[in-house]
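J.: Please find one structure pasted underneath; my questions will follow.
The values are calculated or read from the model by the stated rules, or taken from the named source; none is laboratory data. Because the structure is a prediction, the values reported are computed rather than measured. Positions of Cβ are backbone-derived with ideal geometry, glycine not excepted, and every protein chain shown enters the neighbour counts.
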């Protein structure tokens, strides 16, 4: 089962922007309560969408350059990247199903033939 990967300012472009798989980047901080609420959801999604979606976690305190580049002002901020482009941004903690309802349309476009149960509404 896949797990989220940890990225840094140095590895962000290679792991996220150059990825052939869509990437949900989780901009978070160790001290952030809502970020801690989102963390287990990211773990679940990483496992459920193994091979179809990659979860990349970036600690904004240790990697401020990338956070500034993407205008992250509040955390948690989740940005979905496909083909190196930011296509969806979610700010704040939210339930898993609400988060998935926002990213599923992009995954369906990326995988038009997919009929796995994870794509059902």
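J.: Please determine, by comparing only the residues of segment 67-80 that are within 17 Å of residue 10 (Cβ to Cβ) and within 14 Å of the chain's Cα centre (by Cα), which one is surrounded by the most Cβ atoms within 10 Å (Cβ to Cβ).
T.: 67
J.: Can you name every residue in segment 16-37 that is free of Cβ contacts under 8 Å to residues at least 60 places away in the same chain and over 12 Å from the mean Cα position of the chain (by Cα)?
T.: 20, 29, 30, 31, 32, 33, 34, 35, 36, 37
J.: Now, a different point. Please state which of the following conditions residue 102 fails to meet, knowing it meets all the rest: (1) more than 17 Å from residue 23 (Cα to Cα); (2) assigned to a helix (DSSP H, G or I).
T.: Only one criterion is unmet by residue 102, namely (1).
J.: Hey, another quick one. Output the residues belonging to segment 1-44 that are modelled with pLDDT of 95 or more and farther than 21 Å from residue 66 by Cβ.
T.: 33, 37, 40, 41, 43, 44
J.: Does residue 80 count as in contact with a strand residue (DSSP E or B) (Cβ under 8 Å, 6 or more places away or on another chain), at negative phi and modelled with pLDDT of 90 or more?
T.: Taking the combined requirement at face value, the residue satisfies it.
J.: For segment 38-61, name all the residues that are over 16 Å from residue 16 (Cβ atoms) and touching a residue at least 40 places away in the same chain (Cβ under 8 Å).
T.: Those that are over 16 Å from residue 16 (Cβ atoms) and touching a residue at least 40 places away in the same chain (Cβ under 8 Å): 38, 41, 43, 44, 47, 48, 50, 51.
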